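The structure under discussion appears below in the form of structure tokens.
Each value in this text was obtained by applying a stated rule to the coordinates, not by laboratory testing. Worth saying up front: this structure is predicted, and the values here are computed from it rather than measured. Cβ atoms come from the backbone with ideal geometry, glycine included; neighbour counts cover every protein chain shown.
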Amino acid sequence: MNIRPALAKATSAAPGSVILLNDYAYAQGGGSQVALQQARYLRDAGCDVTLFTAMARQDSPGVAGWLADQPIPTWNSGQWDIAGDPIRFRAASQGLWNFEAARQLAFILSEKNPRETVVLVHGWTKALSASVVHCAIRCGFTVLLVAHDYFAACPNGAYYDFPRQAGCHRRPMSLDCITANCDRESFAQKQWRVLRQGIQKWAAGLPGKLGGVICVSEFQQRLLGNWLPESLPCHVLPNLILPPPENLHADVTSTEVFGFCGRLSPEKGISCLVNAVEQSGVEMLLIGDGPLAPEVHIKLPAAVISGWLDQPSVWRKLAGIRSLIFPSVCVETFGLSVFEAATLGIPAIVTAGTAPSDFVRDGLNGLLFPAGDADELAKKLVALRENPSLAKNLGAQAQRDVQAHLRSPQSYTGELLDILRCAQPSFQMIG
């Protein structure tokens, strides 16, 4: 693996054309949020940006074609994601290889010059499939993967053994990996994922034929880098942490509401969270949505589930909680919500051994608990509910510590542009 850190200063040459591939045209989770953010920043830097997606909005895939009233030109293939497709056979086959998405992407690429364009892949495993990566590579384009998860190497994308609720130490796609029942749903689902991983690797050339991989944290790079080809450039570009609006302030001592921000799915530790909240009896706000939302409604009828919100609304919701809960049982890559809460002076209770635990110092600027341990999480919730001054002190230290991780959108975009130019030298010669 060839680690090439992003350069400190962007060059002055005018940027070229960028096509971002993402399963969703809306902010469905942290990865999609970063994809849309990058699209805006690259556009503001002067790039010719196109977004290629499969689903137009949360409740409908829409129809194939250009989406109206989008700040970034967005072509949508008009297809359900795997989880939402009512025709399950189509979902399974499309998840392995999405022929229609590849065909539509080829149309978009036909109007671009491969020497002046970089394809940035954000999300592809929920709807688009590896077919779009193969299409771009086959058409001669430089393709970079922004790794929001571990699907570039690991079949279940999480480096986690869900039935055992423990980290995985198997070599991805080894015999030990293939025969392991580590999927969050079933062994049959694991075998489907193994088949998809094989197609992804041998038919699509991912990750070996990529122009590079962009990891969102050093934590992720340390783990994912073990399984990437030695010759593949691997960059580290931490997600941008924006400060809250200047007129927004949080007072953790004036509320007893605890918060969660993210996708309501098994790997995010929702079952652990639900059990801990049932034990502790704390008030709960969940910002986001996902397949486990009905279960949360049933088991926590008093909890508020806001659904997916725009960033200003997320800030306002975060400002009204005492602590953020980050209970993921998978090996998270960054944990943006932990840092966003810290900018408001709100501490987080975080699963140990995942990316944001590099930031959280137990008992100093937040609290840590073992993955999947609902009893221990419940104890942490009670401790912060009964001791508001502890929450205030932890949050104040988190707010001081997060300052070292803040940078401007211009600096972030400059680092991203340098990575694009490193991967495609002709990119910097446009204009």
Antiparallel versus total DSSP beta bridges in the chain: what percent is that, nearest 5?
10
Give me the number: length gained by fully extending Ala92 to Val382, i.e. 0.36 nm times residue separation minus the C-alpha to C-alpha distance, one decimal in nm.
100.1 nm
Residue order, fewest to most surrounding Cβ atoms within 10 angstrom, among Ile305, Ile178, Ile321
Ile178, Ile305, Ile321
Take every Cα pair under 8 Å in segment 252-405 that's 6+ residues apart, average their separations, divide by the length, and report that relative contact order as a whole percent.
26
Fewest to most Cβ atoms within 10 Å: Cys234, Cys272 sort as Cys234, Cys272
Cα-based shape type of segment 343-431, given that a ≥ b ≥ c are square roots of the gyration tensor eigenvalues and the cut on a/c is 1.5
prolate
Positive dipole terminus of segment 133-237, leading residue within Ala188, Ser231, Cys168 (C-beta point charges):
Ala188
Which value, in Å³ per residue, describes the convex hull spanned by the Cα atoms of segment 244-379?
98
Ranking Phe141, Phe187 by Cβ neighbours within 10 Å, fewest first, what do you get?
Phe187, Phe141
GNM top mover of Leu42, Leu285, Leu364 - the chain, alpha-carbon springs below 10 Å
Leu364
Find the relative contact order for the chain and round it to a whole percent, using C-alpha pairs within less than 8 Å whose residues are 6+ positions apart.
18
Which label belongs to the value computed from this structure, given these candidates for volume of the Cα convex hull per residue in Å³: (i) 228; (ii) 132; (iii) 180?
(ii)
For segment 197-293, how big is Rg over Rh, using alpha carbon atoms and the Kirkwood form of Rh?
1.12
Any idea which of Leu67, Cys47, Gly345 is furthest toward the positive side of the dipole for the chain, if Lys and Arg beta-carbons carry +1 and Asp and Glu beta-carbons -1?
Cys47
Violations at 20 Å Cα threshold for listed pairs Lys317/Lys392; Lys268/Lys392; Lys126/Lys190 -> Lys268/Lys392
About its Cα centre, what dipole magnitude does the chain give when the only charges are +1 on Lys and Arg Cβ and -1 on Asp and Glu Cβ, stated in debye to the nearest 20?
820
Using 0.36 nm per residue of separation minus the Cα-Cα distance, give me the extension gain between Glu278 and Lys209 in nm, one decimal.
20.0 nm
Just from its helices, what would the mean residue ellipticity at 222 nm be for the chain, if runs of 4 or more DSSP H residues each count -39500 (n - 2.57) and the sum is divided by every residue, rounded to the nearest 500 deg cm²/dmol?
-10500 deg cm²/dmol
The chain: most fluctuating residue of Ala130, Ala83, Ala303 per GNM, C-alpha cutoff 10 Å:
Ala83
Put +1 on the Cβ of each Lys and Arg and -1 on the Cβ of each Asp and Glu in segment 311-426; which of Thr354, Gln410, Leu336 then has its Cα farthest toward the positive end of the dipole?
Gln410
